[in-house]
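Enquirer: Okay, here's the structure, questions in a sec.
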Amino acid sequence: MFDKLKKRVNAKEFSEFTGSSIRDVFAGNILTRKTLIRQWKLLALICLLTFCYIGNRYSCERRIAEIGKLQRVLQDVKFDALSRSFELMSLGKQSEIEKSINNKDINLTESVTPPYRIALE
């Protein structure tokens, strides 16, 4: 097994990389080598996947910002609905109804006899 690995490492296609340095990488000389030219499909795939990753991340960040904005709007709407519900409940109290009747000068009086059930027989 190690013999096969040694043969691959010593193969002719990898022998051109043994003399390369960091200067060759930054200068772009490594891109003109035959091995990398033969691997153009792989490099194109890596570039395509990189662009897809960047686009996906941008899309996700935009959606997260939109979700945050919608959550703030939802919280405001819930607070508004809660305050309106409280106002309606307070207007339905007997004391509030009496105040509104007295303020409008309507001739109504509160019943002094308690309600009773009508028996259906």
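Enquirer: Using the structure shown, decide if Ser95 is exposed (fewer than 10 other Cβ atoms within 10 Å of the Cβ) and not in a loop (DSSP other than H, G, I, E, B). Reasoning before the result, please.
Expert: Working: exposed (fewer than 10 other Cβ atoms within 10 Å of the Cβ): yes; not in a loop (DSSP other than H, G, I, E, B): yes.
Yes, satisfied.
Enquirer: Right, another one. Any residue in the range 45-68 that's charged (D, E, K, R) and part of a helix (DSSP H, G or I): show its pairings with residues that are modelled with pLDDT of 95 or more and surrounded by 10 or more Cβ atoms within 10 Å (Cβ to Cβ) at Cβ separation under 6 Å, as long as the two are six or more apart or on different chains.
Expert: none
Enquirer: Further, regarding this structure: Under 8 Å by Cβ, and 6 or more places apart or on different chains, what pairs join a residue from the range 98-121 that is free of Cβ contacts under 8 Å to residues at least 40 places away in the same chain with one that is part of a loop (DSSP other than H, G, I, E, B)?
Expert: Pairs that qualify, where the first residue is free of Cβ contacts under 8 Å to residues at least 40 places away in the same chain and the partner is part of a loop (DSSP other than H, G, I, E, B), are Glu98/Glu110; Ile101/Leu108.
The values are calculated or read from the model by the stated rules, or taken from the named source; none is laboratory data. Remember, it's a predicted structure, so these values are computed and weren't measured experimentally. Note: ideal-geometry Cβ built from the backbone for every residue, glycine included; neighbour counts use all protein chains shown.
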